[in-house]
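See below for the structure under consideration.
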(Lines give C-alpha, C1' and ligand atoms only; values in the text may rest on other atoms or scores of the structure.)
Protein backbone atom coordinates (compact mmCIF):
# COMPACT_ATOMS: atom_id res chain seq x y z
CA UNK A 1 0.00 0.00 0.00
CA UNK A 2 1.06 3.61 -0.46
CA UNK A 3 2.71 5.23 2.54
CA UNK A 4 1.34 8.50 3.87
CA UNK A 5 4.34 10.30 2.36
CA UNK A 6 3.66 8.81 -1.09
CA UNK A 7 -0.01 9.72 -0.87
CA UNK A 8 0.89 13.32 -0.02
CA UNK A 9 3.33 13.46 -2.95
CA UNK A 10 0.69 12.02 -5.26
CA UNK A 11 -1.81 14.59 -4.09
CA UNK A 12 0.64 17.43 -4.65
CA UNK A 13 1.63 16.22 -8.13
CA UNK A 14 -1.85 15.39 -9.35
CA UNK A 15 -4.55 17.28 -7.48
CA UNK A 16 -3.46 20.67 -8.78
CA UNK A 17 -4.30 19.69 -12.34
CA UNK A 18 -7.30 17.50 -11.63
CA UNK A 19 -10.88 18.67 -11.16
CA UNK A 20 -12.62 16.63 -8.47
CA UNK A 21 -15.65 14.85 -9.91
CA UNK A 22 -18.68 14.03 -7.84
CA UNK A 23 -20.05 10.51 -7.86
CA UNK A 24 -16.88 8.64 -8.87
CA UNK A 25 -17.42 5.04 -7.86
CA UNK A 26 -14.80 2.80 -6.33
CA UNK A 27 -13.31 0.04 -8.44
CA UNK A 28 -12.59 -3.57 -7.65
CA UNK A 29 -9.49 -3.87 -5.49
CA UNK A 30 -6.85 -6.58 -5.83
CA UNK A 31 -8.35 -8.35 -2.87
CA UNK A 32 -8.87 -12.05 -2.27
CA UNK A 33 -12.46 -13.14 -1.79
CA UNK A 34 -13.66 -15.85 0.59
CA UNK A 35 -13.37 -18.42 -2.20
CA UNK A 36 -9.69 -17.61 -2.73
CA UNK A 37 -10.12 -15.64 -5.98
CA UNK A 38 -7.99 -12.50 -6.37
CA UNK A 39 -9.69 -9.59 -8.13
CA UNK A 40 -7.52 -7.45 -10.44
CA UNK A 41 -8.88 -4.21 -11.85
CA UNK A 42 -7.46 -2.49 -14.93
CA UNK A 43 -8.57 1.01 -15.87
CA UNK A 44 -7.59 1.90 -19.44
CA UNK A 45 -7.85 5.22 -21.21
CA UNK A 46 -8.51 3.53 -24.57
CA UNK A 47 -12.27 3.86 -24.74
CA UNK A 48 -12.22 3.07 -28.46
CA UNK A 49 -10.84 -0.37 -27.56
CA UNK A 50 -13.61 -1.30 -25.12
CA UNK A 51 -14.81 -4.25 -27.21
CA UNK A 52 -11.41 -5.84 -27.68
CA UNK A 53 -10.62 -5.48 -23.97
CA UNK A 54 -13.94 -7.10 -23.11
CA UNK A 55 -12.88 -10.00 -25.34
CA UNK A 56 -9.48 -10.25 -23.64
CA UNK A 57 -11.07 -10.02 -20.20
CA UNK A 58 -13.42 -12.87 -21.02
CA UNK A 59 -10.58 -14.98 -22.38
CA UNK A 60 -8.40 -14.42 -19.31
CA UNK A 61 -11.19 -15.25 -16.86
CA UNK A 62 -12.01 -18.43 -18.78
CA UNK A 63 -8.41 -19.60 -18.30
CA UNK A 64 -7.99 -18.62 -14.65
CA UNK A 65 -9.61 -20.00 -11.55
CA UNK A 66 -7.72 -18.01 -8.91
CA UNK A 67 -7.70 -14.53 -10.53
CA UNK A 68 -10.67 -12.55 -11.83
CA UNK A 69 -9.92 -9.67 -14.19
CA UNK A 70 -12.09 -6.58 -14.66
CA UNK A 71 -11.20 -4.04 -17.37
CA UNK A 72 -12.95 -0.69 -17.73
CA UNK A 73 -12.39 2.18 -20.16
CA UNK A 74 -14.43 5.14 -18.88
CA UNK A 75 -14.96 8.41 -20.69
CA UNK A 76 -12.37 11.04 -19.70
CA UNK A 77 -10.40 8.17 -18.20
CA UNK A 78 -7.38 10.20 -17.11
CA UNK A 79 -9.57 12.70 -15.27
CA UNK A 80 -11.43 9.83 -13.62
CA UNK A 81 -8.15 8.16 -12.66
CA UNK A 82 -6.59 11.30 -11.20
CA UNK A 83 -9.73 11.94 -9.20
CA UNK A 84 -9.58 8.41 -7.82
CA UNK A 85 -5.91 8.88 -6.96
CA UNK A 86 -6.71 11.99 -4.95
CA UNK A 87 -9.31 9.99 -3.05
CA UNK A 88 -6.95 7.10 -2.46
CA UNK A 89 -9.07 4.81 -4.61
CA UNK A 90 -6.44 3.10 -6.75
CA UNK A 91 -7.05 0.40 -9.37
CA UNK A 92 -4.42 -2.35 -9.58
CA UNK A 93 -3.18 -1.64 -13.10
CA UNK A 94 -3.65 1.40 -15.30
CA UNK A 95 -3.41 1.48 -19.08
CA UNK A 96 -2.39 4.86 -20.47
CA UNK A 97 -0.13 6.55 -22.99
CA UNK A 98 3.53 7.47 -22.76
CA UNK A 99 3.01 11.17 -22.17
CA UNK A 100 3.33 13.82 -19.48
CA UNK A 101 0.96 11.83 -17.24
CA UNK A 102 3.68 9.18 -16.96
CA UNK A 103 6.10 11.90 -15.89
CA UNK A 104 3.70 13.09 -13.19
CA UNK A 105 2.92 9.61 -11.90
CA UNK A 106 6.61 8.68 -11.63
CA UNK A 107 7.24 11.96 -9.84
CA UNK A 108 4.37 11.21 -7.45
CA UNK A 109 5.79 7.77 -6.63
CA UNK A 110 2.51 5.92 -7.20
CA UNK A 111 3.76 3.41 -9.80
CA UNK A 112 5.59 0.15 -9.08
CA UNK A 113 9.14 -0.28 -10.34
CA UNK A 114 8.77 -3.22 -12.74
CA UNK A 115 12.47 -3.52 -13.59
CA UNK A 116 12.46 -7.07 -12.29
CA UNK A 117 9.38 -8.14 -14.20
CA UNK A 118 10.43 -10.82 -16.70
CA UNK A 119 7.99 -9.66 -19.40
CA UNK A 120 9.90 -6.38 -19.71
CA UNK A 121 12.64 -8.22 -21.61
CA UNK A 122 10.24 -8.61 -24.56
CA UNK A 123 9.82 -4.85 -25.02
CA UNK A 124 11.77 -3.16 -27.81
CA UNK A 125 14.49 -0.88 -26.48
CA UNK A 126 13.37 2.29 -28.33
CA UNK A 127 10.05 2.24 -26.48
CA UNK A 128 11.73 1.67 -23.12
CA UNK A 129 14.04 4.57 -23.95
CA UNK A 130 11.01 6.74 -24.66
CA UNK A 131 9.73 6.13 -21.13
CA UNK A 132 13.13 7.14 -19.74
CA UNK A 133 13.09 10.42 -21.66
CA UNK A 134 9.67 11.26 -20.21
CA UNK A 135 11.04 11.43 -16.67
CA UNK A 136 11.65 15.01 -15.51
CA UNK A 137 14.92 13.88 -13.93
CA UNK A 138 16.43 10.38 -14.22
CA UNK A 139 14.65 8.06 -11.80
CA UNK A 140 16.05 4.64 -11.03
CA UNK A 141 13.74 1.91 -12.27
CA UNK A 142 11.15 1.35 -14.98
CA UNK A 143 7.54 2.10 -14.14
CA UNK A 144 5.55 0.97 -17.15
CA UNK A 145 5.38 -1.91 -19.63
CA UNK A 146 5.00 -0.49 -23.17
CA UNK A 147 2.42 -2.59 -25.01
CA UNK A 148 1.23 -0.78 -28.13
CA UNK A 149 2.57 2.12 -30.15
CA UNK A 150 1.13 4.22 -32.93
CA UNK A 151 2.73 5.74 -35.99
CA UNK A 152 2.04 9.19 -37.38
CA UNK A 153 2.90 10.72 -40.73
CA UNK A 154 0.74 10.77 -43.84
CA UNK A 155 -2.04 8.35 -44.77
CA UNK A 156 -2.74 8.27 -48.49
CA UNK A 157 -5.26 6.83 -50.93
CA UNK A 158 -3.20 4.07 -52.53
CA UNK A 159 -5.62 3.49 -55.42
CA UNK A 160 -5.62 7.20 -56.25
CA UNK A 161 -1.82 7.36 -56.19
CA UNK A 162 -1.63 4.39 -58.54
CA UNK A 163 -4.21 5.94 -60.85
CA UNK A 164 -2.25 9.18 -61.22
CA UNK A 165 1.24 7.69 -60.94
CA UNK A 166 2.24 9.82 -57.96
CA UNK A 167 5.48 8.82 -56.21
CA UNK A 168 6.05 8.71 -52.46
CA UNK A 169 8.24 11.64 -51.35
CA UNK A 170 11.45 11.20 -49.38
CA UNK A 171 12.37 14.85 -48.88
CA UNK A 172 10.54 18.08 -48.07
CA UNK A 173 11.00 19.43 -51.61
CA UNK A 174 9.59 16.20 -53.04
CA UNK A 175 6.64 16.43 -50.66
CA UNK A 176 5.82 19.99 -51.76
CA UNK A 177 6.23 18.96 -55.41
CA UNK A 178 3.81 16.08 -54.82
CA UNK A 179 1.26 18.41 -53.22
CA UNK A 180 1.54 20.72 -56.23
CA UNK A 181 1.01 17.81 -58.64
CA UNK A 182 -2.07 16.64 -56.76
CA UNK A 183 -3.47 20.15 -56.73
CA UNK A 184 -2.79 20.59 -60.45
CA UNK A 185 -4.72 17.36 -61.14
CA UNK A 186 -7.79 18.94 -59.57
CA UNK A 187 -7.62 16.75 -56.47
CA UNK A 188 -7.63 18.06 -52.89
CA UNK A 189 -4.11 17.23 -51.59
CA UNK A 190 -4.67 17.20 -47.82
CA UNK A 191 -7.53 17.17 -45.35
CA UNK A 192 -6.89 18.48 -41.85
CA UNK A 193 -9.95 18.90 -39.62
CA UNK A 194 -8.31 21.60 -37.48
CA UNK A 195 -11.57 22.64 -35.82
CA UNK A 196 -10.65 20.04 -33.21
CA UNK A 197 -7.48 21.66 -31.94
CA UNK A 198 -5.73 18.38 -31.06
CA UNK A 199 -5.53 17.46 -34.76
CA UNK A 200 -3.00 20.27 -35.31
CA UNK A 201 -0.54 18.22 -33.27
CA UNK A 202 -0.44 15.38 -35.80
CA UNK A 203 1.48 17.21 -38.57
CA UNK A 204 3.28 19.32 -35.95
CA UNK A 205 4.78 16.24 -34.29
CA UNK A 206 5.52 14.54 -37.60
CA UNK A 207 7.62 17.54 -38.68
CA UNK A 208 9.17 18.18 -35.27
CA UNK A 209 10.72 14.72 -34.91
CA UNK A 210 12.99 15.50 -37.85
CA UNK A 211 13.45 19.24 -37.52
CA UNK A 212 13.98 19.61 -33.76
CA UNK A 213 16.07 17.64 -31.24
CA UNK A 214 14.16 14.74 -29.71
CA UNK A 215 15.00 16.12 -26.24
CA UNK A 216 13.99 19.70 -27.02
CA UNK A 217 11.84 20.05 -23.89
CA UNK A 218 14.62 18.71 -21.66
CA UNK A 219 17.14 21.09 -23.22
CA UNK A 220 14.79 24.02 -22.66
CA UNK A 221 14.28 22.99 -19.02
CA UNK A 222 18.06 22.88 -18.61
CA UNK A 223 18.32 26.41 -20.01
CA UNK A 224 20.39 25.27 -22.99
CA UNK A 225 18.04 26.40 -25.77
CA UNK A 226 14.63 27.93 -26.46
CA UNK A 227 11.57 26.85 -28.39
CA UNK A 228 11.98 29.95 -30.54
CA UNK A 229 15.32 28.56 -31.67
CA UNK A 230 14.23 24.95 -32.16
CA UNK A 231 10.66 25.25 -33.46
CA UNK A 232 10.83 28.05 -36.02
CA UNK A 233 11.28 25.76 -39.03
CA UNK A 234 8.60 23.39 -37.72
CA UNK A 235 6.12 26.27 -37.44
CA UNK A 236 6.99 27.78 -40.82
CA UNK A 237 6.65 24.48 -42.68
CA UNK A 238 3.39 23.57 -40.97
CA UNK A 239 2.00 26.97 -41.95
CA UNK A 240 3.11 26.33 -45.54
CA UNK A 241 0.97 23.17 -45.60
CA UNK A 242 -2.19 25.20 -44.93
CA UNK A 243 -2.20 26.14 -48.62
CA UNK A 244 -2.73 22.49 -49.55
CA UNK A 245 -5.51 21.73 -47.07
CA UNK A 246 -9.25 22.03 -47.50
CA UNK A 247 -10.64 25.55 -47.71
CA UNK A 248 -10.89 26.85 -44.15
CA UNK A 249 -9.62 23.71 -42.38
CA UNK A 250 -10.65 25.29 -39.06
CA UNK A 251 -14.33 24.83 -39.94
CA UNK A 252 -14.10 21.03 -40.05
CA UNK A 253 -13.34 18.60 -37.23
CA UNK A 254 -11.59 15.25 -36.93
CA UNK A 255 -14.67 13.21 -37.85
CA UNK A 256 -15.24 15.43 -40.89
CA UNK A 257 -11.65 14.87 -42.00
CA UNK A 258 -11.86 11.09 -41.53
CA UNK A 259 -15.10 11.00 -43.51
CA UNK A 260 -13.80 13.20 -46.31
CA UNK A 261 -10.63 11.15 -46.71
CA UNK A 262 -12.61 7.90 -46.61
CA UNK A 263 -14.88 9.17 -49.39
CA UNK A 264 -11.94 10.07 -51.63
CA UNK A 265 -12.29 13.83 -51.16
CA UNK A 266 -8.56 14.18 -50.52
CA UNK A 267 -5.51 12.25 -51.61
CA UNK A 268 -3.83 12.40 -48.21
CA UNK A 269 -4.52 12.92 -44.52
CA UNK A 270 -1.70 14.00 -42.18
CA UNK A 271 -2.66 11.96 -39.13
CA UNK A 272 -1.62 8.89 -37.16
CA UNK A 273 -2.48 5.20 -37.39
CA UNK A 274 -5.01 5.75 -34.60
CA UNK A 275 -7.34 7.28 -37.23
CA UNK A 276 -7.56 4.10 -39.32
CA UNK A 277 -10.44 2.42 -37.44
CA UNK A 278 -12.51 5.61 -37.72
CA UNK A 279 -11.79 5.95 -41.46
CA UNK A 280 -12.68 2.32 -42.10
CA UNK A 281 -16.05 2.70 -40.40
CA UNK A 282 -16.94 5.06 -43.26
CA UNK A 283 -15.29 3.07 -46.07
CA UNK A 284 -14.28 -0.47 -45.00
CA UNK A 285 -12.88 -1.23 -48.48
CA UNK A 286 -10.67 1.81 -48.82
CA UNK A 287 -7.14 1.05 -50.07
CA UNK A 288 -4.90 3.00 -47.67
CA UNK A 289 -1.15 3.15 -47.23
CA UNK A 290 1.14 5.52 -45.37
CA UNK A 291 4.52 7.23 -45.48
CA UNK A 292 6.80 9.06 -43.07
CA UNK A 293 6.35 12.81 -43.43
CA UNK A 294 9.66 14.29 -44.64
CA UNK A 295 10.55 17.55 -42.91
CA UNK A 296 13.91 18.30 -44.54
CA UNK A 297 15.93 17.43 -47.63
CA UNK A 298 18.37 15.27 -45.66
CA UNK A 299 17.11 11.71 -46.09
CA UNK A 300 19.42 10.46 -43.34
CA UNK A 301 17.32 12.39 -40.81
CA UNK A 302 14.03 10.79 -41.84
CA UNK A 303 12.49 9.16 -38.78
CA UNK A 304 9.05 7.80 -37.95
CA UNK A 305 6.97 9.66 -35.39
CA UNK A 306 6.00 6.82 -33.06
CA UNK A 307 5.34 6.81 -29.34
CA UNK A 308 3.95 4.57 -26.63
CA UNK A 309 0.22 4.64 -27.27
CA UNK A 310 -0.65 2.18 -24.50
CA UNK A 311 1.41 0.93 -21.58
CA UNK A 312 0.43 -0.89 -18.42
CA UNK A 313 1.62 0.24 -15.02
CA UNK A 314 1.09 -1.65 -11.78
CA UNK A 315 0.09 0.70 -8.99
CA UNK A 316 2.28 0.82 -5.90
CA UNK A 317 -0.87 0.25 -3.84
CA UNK A 318 -1.70 -3.08 -5.55
CA UNK A 319 -1.71 -5.66 -2.70
CA UNK A 320 -1.18 -8.70 -4.94
CA UNK A 321 1.47 -7.82 -7.48
CA UNK A 322 2.08 -11.46 -8.44
CA UNK A 323 -1.50 -11.64 -9.66
CA UNK A 324 -1.04 -8.34 -11.52
CA UNK A 325 2.07 -9.72 -13.24
CA UNK A 326 0.12 -12.79 -14.33
CA UNK A 327 -2.35 -10.46 -16.03
CA UNK A 328 0.53 -8.69 -17.77
CA UNK A 329 1.93 -12.07 -18.85
CA UNK A 330 -1.42 -12.81 -20.47
CA UNK A 331 -1.55 -9.46 -22.25
CA UNK A 332 1.98 -9.95 -23.60
CA UNK A 333 1.13 -13.28 -25.20
CA UNK A 334 1.49 -12.97 -28.96
CA UNK A 335 -2.04 -14.14 -29.77
CA UNK A 336 -3.61 -11.64 -27.37
CA UNK A 337 -1.49 -8.81 -28.71
CA UNK A 338 -2.45 -9.81 -32.27
CA UNK A 339 -6.13 -9.63 -31.30
CA UNK A 340 -5.62 -6.01 -30.29
CA UNK A 341 -3.47 -5.23 -33.34
CA UNK A 342 -6.15 -6.53 -35.68
CA UNK A 343 -8.83 -4.46 -34.00
CA UNK A 344 -6.93 -1.18 -33.62
CA UNK A 345 -4.31 -1.16 -36.45
CA UNK A 346 -1.62 -0.50 -33.85
CA UNK A 347 2.12 -1.15 -33.71
CA UNK A 348 3.48 -3.68 -31.17
CA UNK A 349 6.03 -2.44 -28.65
CA UNK A 350 7.40 -5.95 -28.11
CA UNK A 351 9.48 -8.31 -30.19
CA UNK A 352 7.63 -10.97 -32.17
CA UNK A 353 6.34 -12.05 -35.57
CA UNK A 354 3.22 -9.89 -35.62
CA UNK A 355 0.96 -9.17 -38.55
CA UNK A 356 0.84 -5.40 -38.88
CA UNK A 357 -1.85 -3.77 -40.98
CA UNK A 358 -0.97 -3.39 -44.67
CA UNK A 359 -2.09 0.21 -44.27
CA UNK A 360 1.25 0.79 -42.51
CA UNK A 361 3.36 -0.81 -45.28
CA UNK A 362 5.09 2.48 -46.03
CA UNK A 363 6.21 2.78 -42.42
CA UNK A 364 7.04 -0.87 -41.82
CA UNK A 365 10.79 -0.61 -42.42
CA UNK A 366 11.06 2.17 -39.81
CA UNK A 367 9.00 0.15 -37.33
CA UNK A 368 11.11 -2.99 -37.82
CA UNK A 369 14.37 -1.07 -37.55
CA UNK A 370 13.25 0.86 -34.48
CA UNK A 371 13.96 4.12 -36.29
CA UNK A 372 11.37 6.01 -34.31
CA UNK A 373 11.11 9.22 -32.30
CA UNK A 374 8.51 10.13 -29.71
CA UNK A 375 5.77 12.72 -30.11
CA UNK A 376 7.11 16.04 -28.85
CA UNK A 377 3.71 16.95 -27.43
CA UNK A 378 4.00 14.02 -24.99
CA UNK A 379 6.23 16.36 -22.99
CA UNK A 380 3.85 19.34 -23.05
CA UNK A 381 1.77 20.10 -19.92
CA UNK A 382 -1.95 19.94 -20.66
CA UNK A 383 -2.55 23.30 -18.95
CA UNK A 384 -0.45 24.99 -21.63
CA UNK A 385 -2.95 23.99 -24.38
CA UNK A 386 -0.28 23.84 -27.07
CA UNK A 387 -2.79 22.49 -29.60
CA UNK A 388 -4.92 25.63 -29.21
CA UNK A 389 -1.80 27.78 -29.51
CA UNK A 390 -0.86 26.06 -32.78
CA UNK A 391 -4.39 26.55 -34.11
CA UNK A 392 -4.24 30.27 -33.26
CA UNK A 393 -0.87 30.57 -34.96
CA UNK A 394 -2.12 28.84 -38.10
CA UNK A 395 -5.03 31.27 -38.22
CA UNK A 396 -2.91 34.43 -37.99
CA UNK A 397 0.45 33.22 -39.34
CA UNK A 398 2.51 35.23 -36.83
CA UNK A 399 5.48 32.93 -36.16
CA UNK A 400 7.32 35.33 -33.85
CA UNK A 401 4.30 35.88 -31.59
CA UNK A 402 3.59 32.15 -31.46
CA UNK A 403 7.15 31.17 -30.51
CA UNK A 404 7.46 33.96 -27.94
CA UNK A 405 4.26 32.83 -26.27
CA UNK A 406 5.43 29.20 -26.39
CA UNK A 407 8.57 30.12 -24.46
CA UNK A 408 6.85 32.38 -21.93
CA UNK A 409 4.03 29.92 -21.27
CA UNK A 410 6.49 27.08 -20.88
CA UNK A 411 8.20 28.89 -18.02
CA UNK A 412 4.82 29.77 -16.51
CA UNK A 413 3.52 26.21 -16.45
CA UNK A 414 6.81 24.39 -15.80
CA UNK A 415 8.49 26.64 -13.25
CA UNK A 416 8.77 23.94 -10.56
CA UNK A 417 9.96 21.32 -13.06
CA UNK A 418 12.56 23.69 -14.53
CA UNK A 419 13.84 24.39 -11.02
CA UNK A 420 14.02 20.64 -10.27
CA UNK A 421 15.78 19.82 -13.58
CA UNK A 422 18.36 22.58 -13.19
CA UNK A 423 19.01 21.60 -9.58
CA UNK A 424 19.61 18.03 -10.74
CA UNK A 425 21.95 19.18 -13.52
CA UNK A 426 23.91 21.31 -11.05
CA UNK A 427 24.19 18.37 -8.66
CA UNK A 428 25.67 16.23 -11.46
CA UNK A 429 28.32 18.85 -12.19
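What to note about this one:
- Every residue from segment 179-212 that is closer than 19 Å to residue 404 by Cα and part of a loop (DSSP other than H, G, I, E, B): 212
- Candidates 305, 320, filtered to the one that is in contact (Cβ under 8 Å) with a residue 12 or more places away in the chain, in contact with a strand residue (DSSP E or B) (Cβ under 6 Å, 6 or more places away or on another chain) and surrounded by fewer than 23 Cβ atoms within 10 Å (Cβ to Cβ): 320
- Candidates 300, 296 - the one that is in contact with a helix residue (DSSP H, G or I) (Cβ under 6 Å, 6 or more places away or on another chain) and either within 21 Å of residue 178 (Cβ to Cβ) or in a helix (DSSP H, G or I) (or both): 296
- For segment 213-231, filtered to residues that are in a loop (DSSP other than H, G, I, E, B) and within 19 Å of residue 99 (Cβ to Cβ), the residue that is farthest from the chain's Cα centre (by Cα) is 231.
- Residues in segment 134-168 that are within 25 Å of the chain's Cα centre (by Cα) and assigned to a loop (DSSP other than H, G, I, E, B): 11 in all.
- Residues located in segment 352-370, provided they are closer than 12 Å to residue 291 by Cα, surrounded by 14 or more Cβ atoms within 10 Å (Cβ to Cβ) and without any contact (Cβ under 8 Å) to a residue 24 or more places away in the chain: 364
- Counting only helices (runs of 4 or more DSSP H) that sit completely within segment 341-429, those holding 3 or more residues that are over 26 Å from residue 161 (Cβ atoms) correspond to 386-396, 399-428.
- Residue in segment 106-113 that is in a helix (DSSP H, G or I) and in contact (Cβ under 8 Å) with a residue 40 or more places away in the chain present: yes
- Residue match in segment 380-401 (condition: under 30 Å from residue 108 (Cβ atoms), surrounded by 15 or more Cβ atoms within 10 Å (Cβ to Cβ) and in contact with a strand residue (DSSP E or B) (Cβ under 9 Å, 6 or more places away or on another chain)): no
- Residue match in segment 50-60 (condition: more than 20 Å from residue 143 (Cβ to Cβ), free of Cβ contacts under 8 Å to residues at least 12 places away in the same chain and either more than 22 Å from the chain's Cα centre (by Cα) or surrounded by 15 or more Cβ atoms within 10 Å (Cβ to Cβ) (or both)): yes
- If the condition is being over 13 Å from residue 312 (Cβ atoms) and assigned to a loop (DSSP other than H, G, I, E, B), then segment 41-72 contributes 64, 65, 66.
- Among the residues of segment 222-232, those that are in contact (Cβ under 8 Å) with a residue 24 or more places away in the chain and over 13 Å from residue 406 (Cα atoms) comprise 222, 223.
- Subset of segment 130-183 that is within 30 Å of residue 335 (Cα to Cα), in contact with a helix residue (DSSP H, G or I) (Cβ under 9 Å, 6 or more places away or on another chain) and free of Cβ contacts under 8 Å to residues at least 60 places away in the same chain - its residue that is surrounded by the fewest Cβ atoms within 10 Å (Cβ to Cβ): 141
- All positions within segment 18-49 that are at pLDDT 95 or above and over 18 Å from residue 82 (Cβ atoms): 38, 39, 40
- Residues located in segment 73-87, provided they are outside any helix (DSSP H, G or I) and either in contact with a strand residue (DSSP E or B) (Cβ under 8 Å, 6 or more places away or on another chain) or over 29 Å from residue 104 (Cα atoms) (or both): 73, 74
- Residues of segment 75-93 satisfying the condition of being in contact with a helix residue (DSSP H, G or I) (Cβ under 6 Å, 6 or more places away or on another chain) and at pLDDT 95 or above: 92, 93
- Here residue 337 fulfils each of the conditions (1) farther than 28 Å from residue 210 by Cα; (2) within 17 Å of the chain's Cα centre (by Cα) apart from (2).
- Here is the figure for segment 69-95: residues that are more than 20 Å from the chain's Cα centre (by Cα) and in contact (Cβ under 8 Å) with a residue 40 or more places away in the chain total 12.
The values are calculated or read from the model by the stated rules, or taken from the named source; none is laboratory data. None of these values were measured; they are calculated from a predicted model. For neighbour counting, all protein chains shown are included, and Cβ atoms are generated from backbone atoms with ideal geometry for every residue, glycine included.
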